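The values are calculated or read from the model by the stated rules, or taken from the named source; none is laboratory data. What you see is a predicted model; the values in this text were computed from it and never measured. Here Cβ is always computed from backbone atoms with ideal geometry, including for glycine, and neighbour counts include all displayed protein chains.
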Amino acid sequence: MEDRPPPQGERLQKILARAGLGSRRTVEEMIGRGRVRVNGERAILGRRVNPDKDVVEVDGSVVPLRTALRHLLLNKPIGVVSTAADPEGRATVLDFVDVAERVWPVGRLDVDSEGAILLTNDGELTFRLTHPSYEVPKRYLVEAKGSLTHADVRRLRGGIELEDGPTASAGVVVVDQLATSTLVEIVIHEGRNRQVRRMFEAVGHPVVRLARTAVGPVRLGRLKPGTVRRLTLEEVRELYRAVGL
């Protein structure tokens, strides 16, 4: 009897469970209900797929399957540098990551700032998230010295003339007026060095504390400082949509 070659790839339910669609049993139910297609054909239980070649869809949406890709969110504490290494020996964002694959930070967050920073090994996504032409919004919560006037808010919204050129329009909302400072939410679509701090300094209200609360559609939520979590499948999809992937 002629020997048959061993089956290629991994079982579909195992790959989908690993991709974050639910438990193995949940995924098996999805397959049984006809919600999963492989290369345009309705999938069956036990089907084996190659994550690098086959296209898998759930409810009509393509599922990213390449197991080597990592998409993480870190709540960066103050004092941590957002680089892979630091010549001064300070803690870096990678000190909080424990994955087998090499990842890198998407953009930068000042050492004296805190909050959301993405870490990934997805090169095309990184390029688009950091390229100014894609205008991915970044949301910050800022505590600024003093009391901001309506004129200050209008200037921040309309654009500030900095030494490297005027800033683009920004979304600015005063959240609360504290005793000696103002709490402000600001959304920008650029990624210049220390841009938010320089904008507030330009209107005479230096930043006391700055936290980035969202990058594009990915929000920090209740993630504690120094904690990393894996992005959900829907968050990865939303990031891809935001940059046209």
Quick one: would you say residue 82 is of a type in the set (Gly, Ala, Ser) and surrounded by 17 or more Cβ atoms within 10 Å (Cβ to Cβ)? yes
Criterion violated by residue 222 - all others in (1) touching a residue at least 12 places away in the same chain (Cβ under 8 Å); (2) surrounded by fewer than 18 Cβ atoms within 10 Å (Cβ to Cβ) satisfied: (1)
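For the range 1-13: of the residues being charged (D, E, K, R) and surrounded by 14 or more Cβ atoms within 10 Å (Cβ to Cβ), which is modelled with the lowest pLDDT? Let's see the steps before the verdict.
Keep residues of the range 1-13 that are charged (D, E, K, R), which gives 2-4, 10-11.
Keeping just the survivors that are surrounded by 14 or more Cβ atoms within 10 Å (Cβ to Cβ) gives 10-11.
On the way: 10: 82, 11: 87.
It comes out as 10.
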How about the range 193-236: which of its residues are in a loop (DSSP other than H, G, I, E, B), under 23 Å from residue 164 (Cα atoms) and in contact with a helix residue (DSSP H, G or I) (Cβ under 8 Å, 6 or more places away or on another chain)? 203, 204, 205, 206
Wholly inside the range 60-170, strands (runs of 3 or more DSSP E) that include 3 or more residues that are in contact with a Pro (Cβ under 9 Å, 6 or more places away or on another chain) are 71-76, 114-120
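Would you be able to tell me the number of residues in the range 175-192 that are in a strand (DSSP E or B) and out of contact with any helix residue (DSSP H, G or I) (no Cβ under 7 Å at 6 or more places or on another chain)?
Quick first cut of the range 175-192, residues in a strand (DSSP E or B) only: 175-177, 181-188.
So of that shortlist, the ones also out of contact with any helix residue (DSSP H, G or I) (no Cβ under 7 Å at 6 or more places or on another chain) come out as 175-177, 181-185, 187.
Count: 9.
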Filtering the range 44-63 down to residues that are under 21 Å from residue 238 (Cα atoms) and touching a residue at least 24 places away in the same chain (Cβ under 8 Å), which residue is surrounded by the most Cβ atoms within 10 Å (Cβ to Cβ)? 56
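In the range 202-238, which residues are among the small types (Gly, Ala, Ser) and more than 30 Å from residue 158 (Cβ to Cβ)? Steps first, please.
Step one: list which residues in the range 202-238 are among the small types (Gly, Ala, Ser), which gives 202, 204, 211, 214, 216, 221, 226.
The answer is 221, 226.
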Just wondering, is there one or more residues in the range 152-161 that are under 22 Å from the mean Cα position of the chain (by Cα), farther than 15 Å from residue 185 by Cα and surrounded by fewer than 18 Cβ atoms within 10 Å (Cβ to Cβ)? no
Pair list, Cβ under 7 Å, 6 or more apart: the range 25-43 residue on the phi < 0 side of the Ramachandran plot, other residue among the small types (Gly, Ala, Ser) and part of a helix (DSSP H, G or I): 27/17
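So which residues in the range 198-218 are over 24 Å from residue 125 (Cα atoms) and either polar (S, T, N, Q) or buried (at least 18 other Cβ atoms within 10 Å of the Cβ) (or both), if there are any at all?
199, 200, 203, 205, 207, 210
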Kindly evaluate residue 65 against the criterion of being of a type outside the set (Asp, Glu) and in contact with a Ser or Thr (Cβ under 8 Å, 6 or more places away or on another chain). no
